[in-house]
Amino acid sequence: MIPFVNLTGQREKYRFELEKAERAVLDSGCYIGGAEVSALENELSAYSGVPHTLTCASGTDALTLALMTLQLQPGDEVIVPDFTFIAPAECCAFLGGTPVFADIDRETLQISPESVRTLIGKRTKGIIAVNLFGQCAPFKELRKIADEFGLWIIEDAAQAFGATVLEPGQDPHTQTRKACTFGDISITSFYPSKPLGCYGDGGALFTANEALAQRARFIANHGSVGRYDHQIVGVNSRLDALQAAVLRVKLKHLDEELAIRQQNAAKYDAFFAEYNRTAPAGAKIIPQKIANGNTSTYAQYTVLAENRDAFIQKLNAAEIPYCIHYPASLHSQPCFTASKQNAAAQNETEMNTADKAAPKVLSLPVCAFTDVQEIVQRLKTN
Ligand SMILES: *Cc1c(COP(=O)(O)O)cnc(C)c1O
């Protein structure tokens with residue numbers, strides 16, 4: 001059976017480097033923080049072009065730490081995408097804030113700046129924008145709105161470490177900006193199946209603002225500014241040295257892997273373009289649109305299948321694995337439906353774009369150790 005994400009294939013390829021790095025940490029006696037973690041933070045900063053990187057225990061923790069650093073208060077509203085993993089909305093609610101769900105673009109499936117604009121009110125403090133499935137959210141438009149209303153932006157790049165955006169008017173070969181540079185604070189996740197994953201939980205925060213970086217570091221370390229000097233209420237959120245060592249190995253290969261992911265996606269693009277030419281009405285398969293100037297990390301290859309049940313039957317017959325990212329809009333999740341600020345849930349009769357996308361989305365395997373040629377071949381013969 002083809003795995004959805006081929007982590008064992010990846011480990012096989014890097015085994016020598018990984019085992020050497022893992023053994024060095026296990027033999028060092030230093031398991032929390034220390035040189036491996038600092039070295040990784042410096043390498044992540046150098047890679048993404050962000051001055052300050054702070055690793056932590058997970059992508060979800062990174063979001064919570066970002067919101068605490070930006071001093072979210074109970075009752076504050078944060079605009080989040082209605083169609084994504086739950087973490088951005090959850091972290092906001094966990095801290096007593098109110099997630100307000102913005103609708104998405106029909107083609108890119110990213111948070112819609114027009115929808116964000118309509119949701120801004122007296123209590124709105126910021127926007128969490130997710131780089132969904134691996135391409136950056138529309139930050140140019142979002143930043144304009146944030147500046148106009150004095151809001152902060154958290155960039156959730158959990159699925160998109162290494163994604164790029166072309167800066168307008170510049171040479172396409174040299175002037176690209178990387179994910180994790182667009183938020184006042186940006187975050188990523190090192191969950192094993194993410195484009196840059198470790199062998200357990202892990203995450204990181206990125207910021208160009210030194211004061212925010214310092215505050216985030218205090219909060220992640222029990223609010224201590226010095227040993228046993230706790231100035232603010234914090235948490236314990238750290239990346240293990242062992243995970244840092246694994247990530248340092250994988251980071252060296254990231255660009256090579258992203259290039260293969262993009263080639264894999266191009267194979268699917270070509271296949272579905274042909275497929276749609278002869279598909280009966282109502283059975284087209286439409287890949288997530290990649291916005292002009294964006295490159296995607298393809299955390300997964302996600303399509304909108306007009307007749308998803310029929311397509312799933314075909315995948316099952318061909319023994320091709322798939323996932324549903326995501327089966328429902330966040331505003332319709334039971335944990336959020338009672339909120340008065342959840343306008344979409346109060347207005348049950350009108351389906352938004354997120355609700356319309358949820359029954360159609362389907363993700364296919366695309367990682368650098370997946371044989372997409374084989375998958376395409378199976379699709380052709382089933
Ligand atoms: C995976 C993910 C997270 C959470 O990361 P964890 O490391 O699993 O806590 C947050 N946001 C998005 C968009 C994600 O895909």
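Taking a straight line from the alpha carbon of LYS380, these lysines sit under 25 Å away, with near neighbours fewer than eight places off in the same chain left out: LYS267, LYS284, LYS289, LYS314, LYS360.
Charge tally around PHE161: other residues with Cβ under 10 Å, Lys/Arg +1 each, Asp/Glu -1 each, net +2.
When the helices in the chain are scored as -39500 (n - 2.57) per DSSP H run of 4 or longer and the sum is shared across all residues, what 222 nm value do you end up with, to the nearest 500 deg cm²/dmol? All intermediate terms of the calculation are to be shown ahead of the outcome.
Values: 12 runs with 151 residues, N = 382.
Theoretical 222 nm ellipticity from helices: -12500 deg cm²/dmol.
Tell me, what is a quarter of the convex hull surface for the C-alpha atoms of the chain, in nm² with one decimal?
Values: hull surface 80.4 nm².
For the Cα atoms of the chain, the hull's average projected area reads 20.1 nm².
Between the amide H of ALA305 and those of ILE286, VAL361, LEU362, distances stay under 5 Å, these residues lying 5 or more places away or on another chain, with hydrogens modeled in the peptide plane.
One decimal place: the segment ALA24-GLU274 gains 85.0 nm when fully extended, by the rule 0.36 nm per residue minus the C-alpha distance.
Oblate is the label for region 121-207. Its Cα gyration tensor axes, ordered a ≥ b ≥ c, give a/c of at least 1.5 and b/c at or above a/b.
Calculate the length of the line joining the C-alpha centroid of region 207-222 to that of region 328-382, in whole Å. First find each Cα centre; the distance between them is then 34 Å.
By the scheme Lys and Arg +1, Asp and Glu -1, what is the net charge of all other residues having a beta-carbon under 9 Å from that of ASP76?
Numbers: positive: ARG123, LYS125; negative: GLU77.
With Lys, Arg at +1 and Asp, Glu at -1, the net is +1.
Give me the net charge of VAL5's neighbourhood, meaning all other residues with Cβ under 15 Å from the Cβ of VAL5; Lys, Arg count +1, Asp, Glu -1.
Charge balance near VAL5 sits at +2.
How many percent of DSSP beta bridges within the chain run antiparallel, rounded to 5?
Working: 27 of 43 bridges.
Once the DSSP bridges in the chain are tallied, antiparallel ones form about 65 percent.
Given +1 on the Cβ of Lys and Arg, -1 on the Cβ of Asp and Glu, and no further charges, what dipole in debye does region 68-165 carry about its Cα centre, rounded to the nearest 20?
The calculation lands at about 220 debye.
Judged by the gyration tensor of its Cα atoms, with axes a ≥ b ≥ c, region 309-382 is prolate; a/c meets the 1.5 cut and a/b is the larger of a/b and b/c. Which longest uninterrupted range of the chain lacks any trypsin sites (Lys or Arg not before Pro) assigned by DSSP to a loop state (not H, G, I, E or B) and surrounded by at most 10 other Cβ atoms within 10 Å? Between the exposed loop sites, the longest stretch runs 1-121. Here region 279-305 is scanned for amide nitrogen atoms under 17 Å from the site 7 Å beyond the Cα of GLU107 along Cα-to-Cβ, giving 285-296, 302-305. Annotation: amide H of ILE104 within the under-5 Å range of SER112, THR353, ALA354, sequence separation 5 or more or interchain, hydrogens built in the peptide plane. Of all segments of the chain bounded by chymotrypsin sites (Phe, Trp or Tyr not before Pro) found in a DSSP loop with no more than 13 other C-beta atoms within 10 Å, the longest spans 32-227.
As a test, work out the antiparallel percent of DSSP beta bridges whose residues both lie in region 66-201, rounded to the nearest 5.
Numbers: 4 of 20 bridges.
Given both bridge residues lie in region 66-201, the antiparallel proportion sits at roughly 20 percent.
Between region 230-291 and region 65-94, the C-alpha centres lie 23 angstrom from each other.
Oblate is the label for region 1-69. Its Cα gyration tensor axes, ordered a ≥ b ≥ c, give a/c of at least 1.5 and b/c at or above a/b. Working from label points 7 Å from Cα in the Cα-to-Cβ sense, the ARG378 to PHE94 distance is 3.5 nm.
Taken together, the values in this text are just the output of simple stated rules run on the coordinates, not laboratory data. The shown structure was predicted, so the numbers you read here are calculated from the model rather than taken from an experiment. Neighbour counts run over all protein chains shown; Cβ positions are idealised from the backbone, glycine included.
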